[in-house]
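Where a number appears in this text, it was derived from the coordinates with a stated rule and is not lab data. Just so you know, these numbers come straight off a predicted model, no measurement behind them. Cβ placement follows ideal geometry from the backbone for every residue including glycine, while neighbour counts extend to all protein chains displayed.
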Amino acid sequence: MMVKKIVACLDCKNGKLVKGIQFSNIKEIDNPVERARYYLEKGIDEIIYYDITASLEGRKNQMDTAKKIGIYCSKFNVPFTVGGGISTLEDVESALQNGASKVSINSAAIKKPRFIQEAALKYGSEKIVAAIDVKKEGSSWSIYSKGGQENTHLNAVAFAKQLEKSGAGELCVNSIDSDGKKSGYDLELIETLASNLNIPIIASGGAGIKEDFKNAFEKGAASALGASVFHFNEVDIYELKNYLKLNNVEIC
């Protein structure tokens with residue numbers, strides 16, 4: 001059985017930690033570097049840093065903040081993923097040189113279908129996380145790009161299969177419908193993707209209580225991501241991991 005992981009997500013804008021609901025009403029919260037250190041001390045298994053407006057604004061990822069977080073992650077020997085504005089092999093190289101152990105690729109994978117393959121061939125699939133933002137439409141899900149602003153009309157399951165075939169080592173799937181609402185992950189989405197893919201899935205969007213993490217793991221997620229639920233101290237990471245162990249979830 002695969003050991004499950006708890007992931008803290010740091011959404012950043014202009015170097016500040018922010019969080020919204022369904023990709024809107026974004027509010028500044030804290031210093032992302034200090035928040036990362038706090039999560040590391042609490043025993044987080046992995047940290048993902050997103051420069052959330054980089055792709056929308058057509059610019060590169062602001063690596064200064066990522067580099068500082070990466071230094072702390074290295075000290076704790078915790079994997080660190082950098083995303084947002086990663087659209088060329090040079091961007092991947094820059095992220096890895098600035099402390100990232102993996103990169104997250106979202107909008108660029110839609111614009112340039114071969115990019116995931118090129119990055120995986122050069123750096124290895126284990127360093128490439130494909131990320132998708134999805135909304136439920138009828139009985140299926142559609143992929144959205146540009147920070148959840150643009151409907152690509154791509155079927156999420158079919159596109160996820162394509163990403164896996166291209167060489168992505170993991171898939172981070174974020175439910176826009178659930179994002180920031182703390183009403184639980186989209187379990188149907190997680191289960192559907194888990195049954196169609198062989199790569200690990202990171203569940204994102206909707207965590208509100210400890211049970212939500214357990215539910216995501218039971219539906220096939222390899223990792224479960226939390227943002228505001230951790231930022232506002234609604235779930236303590238140390239207590240969460242103990243809860244999962246007591247409920248027979250094999251956790252890091």
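Once you place label points 7 Å from the Cα toward the Cβ at LEU96 and ASN242, how far apart are they in nm?
According to this spin-label approximation, the distance is 4.0 nm.
At HIS153 and GLU188, where each label point lies 7 Å from the Cα along Cα→Cβ, what is the point-to-point distance in nanometres?
Output for this residue pair reads 2.3 nm.
Mind sorting VAL92, VAL173, VAL18 by how few other Cβ atoms lie within 10 Å of their own Cβ, fewest first? Walk me through the intermediate numbers first.
On the way: VAL92 25, VAL173 28, VAL18 20.
Going from sparsest to densest Cβ surroundings: VAL18, VAL92, VAL173.
Rounded to whole Å and sorted largest first, what semi-axes of the equivalent ellipsoid does the C-alpha gyration tensor of the stretch 5-246 yield via the square root of 5 times each eigenvalue? Walk me through the numbers on the way to the answer.
On the way: eigenvalues 106, 95, 59 Å².
Three semi-axes, in Å: 23, 22, 17.
Please find, in a Gaussian network model of the chain (springs between Cα atoms separated by less than 10 Å), the residue of LEU121, LEU40, LEU17 whose mean-square fluctuation is greatest.
In this elastic network of the chain, the residue with the biggest mean-square fluctuation among LEU121, LEU40, LEU17 is LEU121.
List the trypsin sites (Lys or Arg not before Pro) in the stretch 101-185 that DSSP assigns to loop (not H, G, I, E or B) and whose Cβ has at most 12 other Cβ atoms within 10 Å. Which are they?
Listed in order of number, the matching sites are ARG114.
If you average the alpha carbon positions of the stretch 43-114 and of the stretch 214-230, how far apart do those two centres end up, in angstrom?
When both Cα centres are located, 21 Å separates them.
Longer than 23 Å from Cα to Cα, which of LYS75/LYS241; LYS136/LYS182; LYS42/LYS136; LYS112/LYS181 are they? Say none if no pair is.
Working: LYS75/LYS241 21 Å; LYS136/LYS182 17 Å; LYS42/LYS136 34 Å; LYS112/LYS181 31 Å.
Pairs exceeding 23 Å: LYS42/LYS136; LYS112/LYS181.
What is the fewest-to-most order of LYS42, LYS241 by other Cβ atoms lying within 10 Å of their Cβ?
Values: LYS42 16, LYS241 21.
Arranged by neighbour count, lowest to highest, LYS42, LYS241 become LYS42, LYS241.
Once you have the Cα-Cα distance between LYS181 and ASN77, take 0.36 nm times their residue separation minus that, and quote the gain in nm to one decimal.
Numbers: separation 104, 0.36 × 104 = 37.44 nm, distance 3.12 nm.
Full-extension gain reported as 34.3 nm.
Neighbour counts of other C-beta atoms within 10 Å: give me THR81, THR65 arranged from fewest to most.
Numbers: THR81 26, THR65 23.
Neighbour counts put them in this order, fewest first: THR65, THR81.
Using Cα-Cα distances under 8 Å and only pairs 6 or more residues apart, what relative contact order does the chain have, in percent?
Working: 550 pairs, mean separation 46.8, N = 252.
In percent, rounded to a whole number, it is 19.
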